[in-house]
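To keep things clear, I will list the structure first and then write my remarks on it.
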Amino acid sequence: MPLSRSLSMSSLSGLPLWEEESLPVEDLYLFEIAWEVTNKVGGIYTVIQTKAKITVDEWGENYFMMGPYYEHNFKTQVEQCDPPSAAIKIAMDSLKNSGCQVYFGRWLIEGSPYVILFDIGGAAWNLDRWKGELWDTCGIGLPYHDREANDCLIFGSLIAWFFKELTDQLQDKPNVIAHFHEWQAGAGLVLSRSRKIPMATIFTTHATLLGRYLCAGNVDFYNNLDKFNIDREAGERQIYHRYCLERAAVHCAHVFTTVSQITAVEANHMLHRQPDVVTPNGLNVKKFSAVHEFQNLHSTNKAKIQEFVRGHFYGHLDFNLEKTLFFFIAGRYEFSNKGADVFLESLSRLNYLLRVHKSDVTVVVFFIMPAKTNNFNVESLKGQAVRKQLWDTAHAVKEKFGKRLYEALLKGEIPDMNKILDRDDFTIMKRALFATQRHTLPPVTTHNMLDDSTDPILTNVRRIGLFNNRNDRVKIVFHPEFLSSTSPLLPMDYEEFVRGCHLGVFPSYYEPWGYTPGECTVMGIPSVTTNLSGFGCFMEEHVSDPSAYGIYIVDRRFRSADESCNQLTQFMFSFCQQSRRQRIIQRNRTERLSDLLDWRYLGRFYIHARRLALSRAFPDTFKMDTFVPPPVSTTQGFRYPRPQSVPPSPSASIHSTPHHSDEEDEEPYDEDEEAERDRQNIKAPFTLGAVPPGKKKQPGEYGN
Amino acid sequence: MISFSFLLFLTEADQAFVTLATTDAYSMGALVVGKSLRRHGTRKRLVAMVSPNVTREARLSLEEVFDEVILVNVLDSQDRAHLSYLGRPELGVTFTKLHCWTLTKYSKCVFLDADTLVLCNVDELFDREELSAAPDQGWPDCFNTGVFVFIPSLETHGQLLQHAAKHGSFDGGDQGLLNSFFSDWALKDISKHLPFVYNLSVSALYTYLPAFYKFGHQAKIVHFLGGTKPWHFRYNQQTNQISPGDLDRILEQYVNLWWREFYSHTQQQVIKADSHPDTGLTQHSFVSRPRQSEKKSAPAQAVSTLQTSSPPLDTQGTVAETQTKEEERSLELRLLTLDEVSSEQPDSSVQTSPSEQPEEMHTHPKDVSGPEAEYSAYADLHNPAPGQGGTGREPEAAGGSPTPSEEPAPEPTPVETEEEKQQHRRMWEEGHADYMGKDAFDNIKKKLDRFLE
């Protein structure tokens, strides 16, 4: 049962202490500006929403988020209230008096931060004038057909206007830090700077506009990073104005940050500025007071997936469910950006390997990627119905059997085994068996696809021939819809499903951060990622032997596609060869990494960025030399050590025969001992004020 | 003169949009058609055909927007038309419309009914062949003749007249005639079927509302089919709204848009009539302030010291003033004022008078410079937000009204650079930034560095 989390980290106590003095937050205002504040459009929403808690803990009443006002969002997510500070109220009133609508309230998420929301539509009548101002400022014009860009300019102009009014009120104290996210907020930064508004500015890009476009266009991106003529690429893709806004914001910001090392490389080439700080994305990690509760959750949820598999593969259940591993890939349906191409190719190789090794392990692979469908297909639903019918038949026979057994015992005799089931019972069972015979293979997809013939996953499945044949050791289930606990087919939500699986596989090509493997990690599920994803880079940097901790990092940057496929195949094959005990140990280690992904650790990078921005904007008041040098580089961070006990990796534990039972697993392993060793290797924890005791985490906060 | 020739270069002179006004009321519509085409930066010529019963005043006001205003008269046209007409007098208006085929100085034309409203640039229509048109909502195997692409030709014109004389029109109007003449439209070549968004009948919305919600934002030309035309509604210029409740919301929004378009041009003329009926040269004032937006809830104080040379801000006061002036004027009054304008300028032949040429060349960039001003009104339409007023383009006129003694200062060089700047900005706004040349980011960076130091 999930319980509240205590402040003490459960399995691992150590993260390095930051020897920075905390900022004098009572003399500062922090504003965080993003298009997705209270407005879920894409991934930035998750970042901002989960980070709010730790920022509020640090800044209290002096922290404000700013976003666009949409009536529906406001009604459902915000509780209106009065601004706590007179200066903010005056600044808001000044906008209101000029005919623009501004709203203030508390965002109803964890930490309940203050939000200031600007009505875009209500201020649209200024658009022409503001376009003129932007034009005079930097010579960037916005095409009138690009509605989003025009909205962003209105938003940015309102923000800059607000800051002007606010800083006129505040004069020198408190100083203002404004943290802008993504290009949509960029105009606000550029305009604020051009009007010489006295504040420290930070600009964070989560992915570059151009990088995303180039990768989506199947360009060999990372090998040609330095060769692109970026002005031309942006111009040819009709996004030149957006690209200019983004670059202008990057150029004007006091501090520029991005979310991962790989995006830093990208930004260096696509935006021509090296990020000052890398600010990785975190999660609010849910901890259970019971040790290894996540292992119990794994087994209960695994049982649910097994039920589904029994139905889906009825008539073909000649594999041992106890020796069946569940792999999955999930996310937006971007076939090559998410690495589904590499994954499918590797699965075909894995199938071959498992067959030639005569392995008794079966792998069922789930593709959870929403595509256009016409709802569930009959064959899948029938599978679940058949399973239910067999269950009912077995149950009915069992009842009769039990009754006769009971009666026989009452008479004081051992029942005659030949008579305990009569002909009727056999008839019922035979009828049930005949009814459940199937002449087709178990379906690859659970839904009727609209673009069946051109769907990239299905066409590749056809190419590699993984049709769920009896002798295939790799079976594929393509679920082209997000999971839901009300589904008649697989009634689980995403979190439950992830917990029930054994391995998440995310061999992405373009993934500035990548929450999916992170979510696996904090649930104690091993995952495959790549060194092109922000998450993979981060783990490579912080963990000495990531695969021992259940983070397999495929090299897609310096290897050819074929080599990457081989590497991924090898990872999966070795995973299949682990014993159950080895997998349990690996999950424990994986789960131990979750502290690393907690905002309470990762939030410090944001703290550092703010400090740096202050020292640049107000060099007289805030001197950087009193601060500890930036902890960005690898050497300054900490690394999880290589586990002391023999890692569960196959190189050490390949057995001469594929038939090895858990009993012959003789690796020395002591969970407590190992956790203690980790603890000693790592410095004391970094804490950000007290967490209110008994504060419950909401379930399902992992997005998706 | 440099800018004038530049504009000529932009205009593709052998292709034209054509509209037709047969009454004074329809000429209001024609005015809006022309104005909305200009606003969206068309590069084609604009031609208005007017029938003899249209008053000279209305015709003159059309001349300010259109490149060419042509008087068409069935009875003194070519003999064959005359004869056909005598045989079929009930087709009078239809014959007038057929006149468009005689505009042979143009290689291709697009006809727009006077009760249409253009929402974005539709120059791509000229890529189509004769005869391209959108299906009629009532009988989709027939095309609607509110919007169609044709190639002027005297031969076709003659055949049409012959056809009319012989077969008449099955619906008594031009649509029946053209549909039976171009009878292979329905089956032969699908590329001649214009998408419905080029001729969106507002009255069709009720029959398929979900489709409108799905595709309505793509509408390019709205056609106010049916007996009630936008000019039949009373428009309150203070609120920028027609009296609410008269009709459903969607139609109401489009009618509001139509009125805003109407006023974006005509109010300026009204003021001209009020303040200096003799010169008509106040148009110069908006050259120096080409992009101002009206302020909806403007403060009430009257700023009357505005000069044409003042920065393009703070015009709210006068706008409010102008609006109050306009407030109680009903539609009929406005029409009257329209008449006054022209009657007080008896010899204002705008197109020909050499002294007025500079004015003409300034009005053009102004007319086409601000398609984005429509943006907010358009956003209003498709994303209605409470309390959001519309945008009008009245302030240009407001700048002129309190300065009656203003001389038509020629100032060629500053105007020119301003002109170029406008042109440059417009290129961006049409998505044609010169990203490999003067708009390269390094140049933008230099601009940024000016204030970052």
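The values are calculated or read from the model by the stated rules, or taken from the named source; none is laboratory data. A quick note: this is a predicted structure, and the numbers were derived from the prediction, not measured. Counting neighbours? That spans all protein chains shown, and the Cβs are built from the backbone with ideal geometry, glycine included.
Inside the range A:201-240, can you point out the residues that are within 14 Å of chain B (Cβ to nearest Cβ) and over 28 Å from the mean Cα position of the chain (by Cα)? Scanning the range A:201-240 gives A:PHE228, A:ASN229, A:ILE230, A:ASP231, A:ARG232, A:GLU233, A:ALA234, A:GLY235, A:GLU236, A:ARG237, A:GLN238, A:TYR240. For beta carbons closer than 9 Å, sequence separation of 6+ or different chains, a first residue in the range B:101-125 that is of a type in the set (Lys, Arg) and a second that is surrounded by 19 or more Cβ atoms within 10 Å (Cβ to Cβ) and assigned to a loop (DSSP other than H, G, I, E, B), the qualifying pairs are B:LYS105/B:PRO152; B:LYS108/B:ARG128; B:LYS108/B:PRO152. Of the residues B:ASP174, B:ASP184, the single one that is charged (D, E, K, R) and surrounded by 12 or more Cβ atoms within 10 Å (Cβ to Cβ) is B:ASP174.
Restricted to the range A:294-318, and to residues there that are out of contact with any helix residue (DSSP H, G or I) (no Cβ under 9 Å at 6 or more places or on another chain) and more than 29 Å from A:LEU593 (Cβ to Cβ), the residue that is surrounded by the most Cβ atoms within 10 Å (Cβ to Cβ) is A:HIS316.
A:ARG559 meets each of the listed conditions (1) farther than 22 Å from A:HIS206 by Cα; (2) in a loop (DSSP other than H, G, I, E, B); (3) touching a Phe, Trp or Tyr at 6+ places or on another chain (Cβ under 7 Å) apart from (3). Of all residues in the range A:119-172, those being within 7 Å of another protein chain (Cβ to nearest Cβ), among the aliphatic types (A, V, I, L, M) and over 19 Å from A:GLU71 (Cα atoms) number 3. Among the residues of the range A:153-176, those identified as more than 11 Å from A:ILE33 (Cβ to Cβ), in a helix (DSSP H, G or I) and within 36 Å of the chain's Cα centre (by Cα) are A:LEU153, A:ILE154, A:SER157, A:TRP161. Note on the range A:233-289: residues that are part of a helix (DSSP H, G or I) and of a type in the set (Lys, Arg) total 2.
Looking across the range B:46-65 at every residue that is in a loop (DSSP other than H, G, I, E, B) and under 23 Å from B:TYR106 (Cβ atoms), the one that is farthest from the chain's Cα centre (by Cα) is identified as B:PRO52. Does the range A:68-86 include one or more residues that are under 25 Å from the mean Cα position of the chain (by Cα), in contact (Cβ under 8 Å) with a residue 60 or more places away in the chain and either surrounded by fewer than 18 Cβ atoms within 10 Å (Cβ to Cβ) or in the same structural domain as A:GLY188 (by the TED database) (or both)? Checked against the condition, which is being under 25 Å from the mean Cα position of the chain (by Cα), in contact (Cβ under 8 Å) with a residue 60 or more places away in the chain and either surrounded by fewer than 18 Cβ atoms within 10 Å (Cβ to Cβ) or in the same structural domain as A:GLY188 (by the TED database) (or both), the range A:68-86 yields at least one hit. For the range A:235-258, name all the residues that are farther than 16 Å from B:LYS445 by Cα, crowded, with 24+ Cβ neighbours inside 10 Å and aliphatic (A, V, I, L, M). Residue satisfying the conditions is A:VAL255 alone.
A quick yes/no check of all residues on (1) touching a strand residue (DSSP E or B) at 6+ places or on another chain (Cβ under 9 Å); (2) part of a loop (DSSP other than H, G, I, E, B); (3) under 29 Å from A:SER346 (Cα atoms):
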position	(1), (2), (3)
A:VAL365	yes, no, yes
A:SER380	yes, no, yes
A:VAL386	no, no, no
A:LEU390	no, no, no
A:ALA394	no, no, no
A:PHE401	no, no, no
A:ALA432	no, no, no
A:GLN437	no, yes, no
A:THR440	no, yes, yes
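When each of B:LEU160, B:LEU117, B:LEU125 is tested for being surrounded by 14 or more Cβ atoms within 10 Å (Cβ to Cβ), closer than 16 Å to B:THR102 by Cβ and more than 14 Å from chain A (Cβ to nearest Cβ), the lone residue that passes is B:LEU160. Going through the range A:181-212 one residue at a time, which ones are closer than 21 Å to B:LYS447 by Cα and of a type in the set (A, V, I, L, M, F, W, C)? Within the range A:181-212, A:TRP183, A:ALA185, A:ALA187, A:LEU189, A:VAL190, A:LEU191, A:ILE197, A:MET199, A:ALA200, A:ILE202, A:PHE203 meet the criteria. Of the residues making up the range A:539-555, those that are of a type outside the set (Gly, Ala, Ser) and not in a helix (DSSP H, G or I) are A:VAL543, A:ASP545, A:ILE551, A:TYR552, A:ILE553, A:VAL554, A:ASP555.
Candidates A:LYS372, A:LYS338: the one that is in contact (Cβ under 8 Å) with a residue 40 or more places away in the chain, assigned by the TED database to the domain that holds A:ARG470 and touching a Gly at 6+ places or on another chain (Cβ under 7 Å) is A:LYS338. Of the numbered criteria (1) of a type in the set (A, V, I, L, M, F, W, C); (2) free of Cβ contacts under 8 Å to residues at least 60 places away in the same chain; (3) in contact with a Leu (Cβ under 9 Å, 6 or more places away or on another chain), the one A:LEU409 fails is (3).
Of all residues in the range A:71-93, none satisfies being of a type in the set (Phe, Trp, Tyr) and within 23 Å of A:GLY186 (Cβ to Cβ). Scan the range A:334-363 for residues that are under 13 Å from A:PRO507 (Cα atoms) and in a loop (DSSP other than H, G, I, E, B) and the total you get is 6.
With respect to the conditions (1) under 34 Å from the mean Cα position of the chain (by Cα); (2) surrounded by fewer than 16 Cβ atoms within 10 Å (Cβ to Cβ), A:ASN377 lacks only one, and its number is (2). Applying a threshold of 6 Å to beta carbon distances and a minimum spacing of six or more residues, or different chains, the list of pairs starting in the range B:169-185 at a residue that is of a type in the set (Val, Ile, Thr) and ending at one that is part of a helix (DSSP H, G or I) is empty. Residues in the range B:420-436 that are in a helix (DSSP H, G or I) and touching a Pro at 6+ places or on another chain (Cβ under 6 Å) were compared, and the one that is nearest to the other protein chains (Cβ to nearest Cβ) is B:GLU429. Any residue in the range A:177-185 that is more than 14 Å from chain B (Cβ to nearest Cβ), more than 30 Å from the chain's Cα centre (by Cα) and not hydroxyl-bearing (Ser, Thr, Tyr)? For the range A:177-185, residues more than 14 Å from chain B (Cβ to nearest Cβ), more than 30 Å from the chain's Cα centre (by Cα) and not hydroxyl-bearing (Ser, Thr, Tyr): absent.
Each residue in the range A:264-307 was checked for being polar (S, T, N, Q) and touching a Gly at 6+ places or on another chain (Cβ under 6 Å), and 1 pass.
The single condition from (1) among the hydroxyl-bearing types (Ser, Thr, Tyr); (2) part of a strand (DSSP E or B); (3) closer than 23 Å to A:PHE288 by Cα that A:TYR601 fails is (2). Contact map, the range A:94-118: residues that are within 14 Å of chain B (Cβ to nearest Cβ) paired with residues that are basic (Lys, Arg), Cβ distance under 9 Å, separation 6+ or inter-chain. Pairs shown: A:SER98/B:LYS295; A:GLY99/B:LYS295; A:GLY99/B:LYS296; A:VAL102/A:LYS96.
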